[in-house]
Structures are given as C-alpha cells and as structure tokens.
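Novice: The structure that follows is given in the form of structure tokens.
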Amino acid sequence: MSATEPDSEVEGEVDEPESTTSLAELPPSAKLVYKVLEYEGSMTQEEIAGESRLCARTVRYALGKLENEDLVTSRVCLEDARQSKYRIVD
C-alpha cells in the first residue's frame, strides 16, 4: 500500500466543483429576481425592479450574484442599447 492510495480514494469521492453554488445558497433578493425572470421571461433591470418591488440597487446586487453563478445571462436591449435584458441560462 502506498501513501498516495488514500488520496486517490478521497479524490474519487469529490464529484462537484467547489465554486458551484446552488440557488438555495444565494441571498433572498437573488432568489426573488430569479423567480421573476423564470415567470416573466427576459427583462431589463428597471422592469425587474418594478415587478419584484425591490430597489434598483438590490436588483443590481442580485443580478450580479446570479451572473457570477452562471444562472442568468445578459444581452444588450434592442429597444434601448443603454440597457441590458437579463434571462435565465438554459
């Protein structure tokens, strides 16, 4: 038996990357924004704030958290290029 065998067994048990965070571990504001996008489809920050009744700063924070976890993606809004449309990643 070599000294590396126990390490290989431990490595085999770890299947999930450490950086992966589930939606359940995110702040409540991020969960709400995710659910709004899930029900309403792609929306701008302003539309999300109106629908969720969260302030703009909280929506920005929540979208940042969701984007960092690759749960939400953004694209330039065709109606107004100064804004972005956010949607849930498929």
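Please treat every number below as a calculation from the coordinates, not as lab data. Small disclaimer: the values here were computed from a predicted structure and weren't measured. Positions of Cβ are generated from backbone atoms using ideal geometry, with glycine treated the same way; all protein chains shown enter the neighbour counts.
Novice: Taking the highest mean first, how do the peptides 35-43, 60-68 order by number of other beta carbon atoms within 10 angstrom per residue?
Specialist: Order by mean packing, descending: 60-68, 35-43.
Novice: Check which residues have an amide H placed less than 5 Å from THR44's amide H, if you skip close sequence neighbours.
Specialist: Amide H to amide H, under 5 Å and 5 or more residues apart or across chains, THR44 pairs with TYR86.
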